[in-house]
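Asks: Please see the structure below; I have some questions.
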Amino acid sequence: MKTLQKLLAEIIPQKREELKKLLADYGDRKISEVTVQQAFGGMRGVKAMICDTSVVEPDKGLIVRGRPLLEIKHLWPEEIFFLLLTGEVPGPEAKLALQHEFDRASQVPDYVWRLLRAMPKDSHPMCMLDTAILVMERESIFRNWYDRGLQKEDYWIPMVGDALNILAKLPVIAAGIYRIRYDKGSPMSWTHGLDYGANFANMLGLPDPTGSFAQLMRLYLNFHADHEGGNVSANVCHTVGSSLSDAYYSVSAGLNGLAGPLHGLANQECLKWILELRERFHGTPTTEQLREFAFDTLRSGQVIPGYGHAVLRVADPRFTGFFEFGQEHMPNDPVFQTVAKVFEVVPKVLEEYSTERVKAGKSPIANCWPNVDAGSGALLYHYGLTEFPYYTVLFSVSRAMGMLAQLILNRAMGTPITRPKSVSTEWVRAQMKKM
Ligand code: CMX
């Protein structure tokens with residue numbers, strides 16, 4: 001049986017040789033150019049970093065190790081982590097071995113609970129989560145080994161240990177934050193022998209008589225795990241990790257980026273927007289009411305959360321997957337029906353608004369379709385998880401898998417410290433005059 005560690009030990013030397021050859025053969029060839037617009041515009045579309053765990057195709061969405069997301073939506077979170085790291089779906093024995101690793105490492109140090117309980121009552125759940133990860137930095141195996149002297153080619157080995165320790169504790173901590181922050185009772189423990197998604201669902205403590213909430217959690221943790229390397233959370237985690245800060249520093253930093261309303265926090269914003277919409281019109285609005293509400297949002301200078309994307313140019317397959325789950329499990333749920341109505345109306349509103357923007361000399365909205373955050377909140381709400389400031393924590397438990405897989409691979413491949421060249425606005429102006 002090939003455990004995660006055994007398989008990695010086999011793959012990594014091969015990948016290093018392949019990379020050495022690629023760089024020797026093509027190291028001086030160009031893969032991208034940068035326009036002035038891109039340099040000032042968040043580097044959109046600039047190809048200047050490597051990520052092998054997944055790619056996002058503008059017209060297809062997320063592809064994990066060559067597999068389109070909707071074709072692997074049945075995989076459980078532990079299988080997704082294995083796939084991200086190795087490119088292979090684990091067989092039953094390797095999957096069980098990974099589950100045992102999580103069982104072994106799931107105990108959360110007591111100081112984490114003391115710290116979380118001491119935090120101000122109005123702390124955002126994301127701040128609680130990131131603080132909890134950061135305070136556990138003293139547990140880092142990487143840092144410990146590094147301080148004692150570690151060969152560069154072995155960096156990845158303690159990184160796997162750190163990753164498994166973080167991933168095992170994350171659902172316990174995240175569920176504990178839910179219970180502490182929203183007065184739901186004491187944090188609950190990890191159940192040995194239960195899978196990752198069902199364990200998380202169970203520790204949140206919400207009733208789940210049919211097991212469909214656990215099913216949603218498996219899907220949720222699968223869908224949010226990775227979205228190639230350039231998104232804020234993955235990119236920040238990568239940059240921090242590139243200085244050999246350990247996984248605790250790096251993951252906490254990446255999740256601080258996820259906590260922004262243009263990134264992961266959009267799922268909380270999105271449900272808030274849907275609930276305000278329902279409140280204004282006392283239920284699911286008509287098309288005209290919804291258009292009015294959406295235009296009010298846009299003309300007051302706000303974005304419609306859950307719509308648009310920096311890379312995607314079609315409806316996000318993650319939205320499609322969640323939408324299908326809703327159609328199967330809660331077709332008559334009023335909040336879900338509002339999400340469906342928004343999906344019917346908002347893309348057209350955004351297209352019209354984009355035309356108005358262009359007439360006013362502004363840039364168009366590049367993508368009017370829903371992203372991952374447009375529908376997931378309604379599903380959580382249906383199962384009684386109504387505290388929407390908590391939603392980005394769920395996203396985080398999942399995104400940690402992608403960030404950690406990318407970190408391990410970067411240490412394995414000896415990726416150097418990130419250091420792009422910045423230039424001043426004056427330099428750009430002077431440079432353009434010379435052309
Ligand atoms: N509502 C209103 N305006 C929008 C919009 C939306 N949903 N999406 C884009 N725009 C606006 C942008 O704000 C930008 O306006 P300014 O030039 O005035 O600043 C303009 O359209 C062009 O933006 P873009 O090229 O289409 O998109 P960007 O790559 O700059 O931004 C994103 C992408 C996701 C930040 C943006 O679409 C947005 O703010 N969406 C709403 C928030 C959201 O759902 N975020 C979650 C994304 C998924 C994730 O990462 O978790």
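The values are calculated or read from the model by the stated rules, or taken from the named source; none is laboratory data. These numbers were taken from a predicted model, which means no experiment stands behind them. Reconstructed Cβ throughout: ideal geometry from the backbone, glycine too, with neighbour counts over all protein chains shown.
Asks: Could you list, in sequence order, the residues of region 287-327 that are under 15 Å from A266 (Cβ atoms) and in a helix (DSSP H, G or I)?
Replies: Passing the criteria: T297, R318, F319, F322.
Asks: While we're here: Tally up the residues in region 239-270 that are surrounded by 17 or more Cβ atoms within 10 Å (Cβ to Cβ) and assigned to a loop (DSSP other than H, G, I, E, B), please.
Replies: Step one: of region 239-270, the residues surrounded by 17 or more Cβ atoms within 10 Å (Cβ to Cβ) are 239-242, 245-259, 263-270.
Add one more test, that the residue is assigned to a loop (DSSP other than H, G, I, E, B), and what stays is 245-246, 259, 263-265.
Residues that pass the stated criteria total 6.
Asks: With region 328-435 as the region, which helices (runs of 4 or more DSSP H) entirely inside it contain at least 2 residues that are within 14 Å of the ligand (Cβ to nearest atom) and among the hydrophobic types (A, V, I, L, M, F, W, C)? Break it down stepwise before answering.
Replies: Working: elements: 334-359, 373-382, 391-412, 425-434.
The helices (runs of 4 or more DSSP H) meeting that bar are 334-359, 391-412.
Asks: A further question on this structure: Looking at V397, V372, V423 in this structure, which one is outside the structural domain of K341 (by TED's automatic domain parsing) and crowded, with 18+ Cβ neighbours inside 10 Å? Spell out how you get there, then give the answer.
Replies: Values: V372 fails: outside the structural domain of K341 (by TED's automatic domain parsing); V423 fails: crowded, with 18+ Cβ neighbours inside 10 Å.
Going through V397, V372, V423 in turn, the sole match is V397.
Asks: Within region 118-146, track down each residue that is farther than 19 Å from A174 by Cβ and buried (at least 21 other Cβ atoms within 10 Å of the Cβ).
Replies: Correct list: S140, F142.
Asks: Filter region 10-60 down to residues that are hydrophobic (A, V, I, L, M, F, W, C), closer than 14 Å to N231 by Cα and either within 16 Å of the ligand (Cβ to nearest atom) or surrounded by fewer than 10 Cβ atoms within 10 Å (Cβ to Cβ) (or both), then give me how many there are. Show your work before the answer.
Replies: In the first step, residues of region 10-60 are kept if they are hydrophobic (A, V, I, L, M, F, W, C); the result is 11-12, 19, 22-24, 31, 34, 36, 39-40, 43, 46, 48-51, 55-56.
Subsequent filtering for residues that are closer than 14 Å to N231 by Cα retains 43, 46, 48-51, 55-56.
Retained after the next criterion (residues that are either within 16 Å of the ligand (Cβ to nearest atom) or surrounded by fewer than 10 Cβ atoms within 10 Å (Cβ to Cβ) (or both)): 43, 46, 51, 55-56.
Number of matching residues: 5.
Asks: Condition check: under 25 Å from the mean Cα position of the chain (by Cα) and in the same structural domain as S212 (by TED's automatic domain parsing). Does A405 satisfy that? Give the steps one after another, and end with the answer.
Replies: Details: under 25 Å from the mean Cα position of the chain (by Cα): yes; in the same structural domain as S212 (by TED's automatic domain parsing): yes.
Yes; evaluated as a whole, the condition is true for this residue.
Asks: Is at least one residue of region 226-234 buried (at least 19 other Cβ atoms within 10 Å of the Cβ) and either over 16 Å from the mean Cα position of the chain (by Cα) or among the hydroxyl-bearing types (S, T, Y) (or both)?
Replies: We begin by selecting, within region 226-234, every residue buried (at least 19 other Cβ atoms within 10 Å of the Cβ); these are 226-231, 233-234.
Filter once more, keeping what is either over 16 Å from the mean Cα position of the chain (by Cα) or among the hydroxyl-bearing types (S, T, Y) (or both): 233.
Within region 226-234, one or more residues are buried (at least 19 other Cβ atoms within 10 Å of the Cβ) and either over 16 Å from the mean Cα position of the chain (by Cα) or among the hydroxyl-bearing types (S, T, Y) (or both).
Asks: When only residues in region 1-56 that are of a type in the set (S, T, Y) and not in a helix (DSSP H, G or I) count, which is farthest from the chain's Cα centre (by Cα)? Full working, then the answer.
Replies: Keep residues of region 1-56 that are of a type in the set (S, T, Y), which gives 3, 26, 32, 35, 53-54.
Among the residues that remain, those that are also not in a helix (DSSP H, G or I) are: 3, 32, 35, 53-54.
Details: T3: 25, S32: 26, T35: 28, T53: 13, S54: 12 Å.
The residue in question is T35.
Asks: Moving on. Looking for whichever is buried (at least 16 other Cβ atoms within 10 Å of the Cβ) and of a type outside the set (A, V, I, L, M) here; the options are G193, G176, G149. Which one fits?
Replies: Of the residues listed, the single one that is buried (at least 16 other Cβ atoms within 10 Å of the Cβ) and of a type outside the set (A, V, I, L, M) is G176.
Asks: Oh, and also: W273 is checked against (1) free of Cβ contacts under 8 Å to residues at least 40 places away in the same chain; (2) more than 13 Å from the ligand (Cβ to nearest atom); (3) assigned to a helix (DSSP H, G or I) and fails just one. What number does that condition carry?
Replies: For W273, the exception is condition (2).
Asks: Next question. I'm trying to understand the selection: among the residues of region 276-318, which are free of Cβ contacts under 8 Å to residues at least 24 places away in the same chain and buried (at least 20 other Cβ atoms within 10 Å of the Cβ)?
Replies: Within region 276-318, the first condition is being free of Cβ contacts under 8 Å to residues at least 24 places away in the same chain, and the residues that meet it are 276, 279-282, 286, 288-289, 292-293, 296, 299-302.
Answer for region 276-318, where residues must be free of Cβ contacts under 8 Å to residues at least 24 places away in the same chain and buried (at least 20 other Cβ atoms within 10 Å of the Cβ): just F293.
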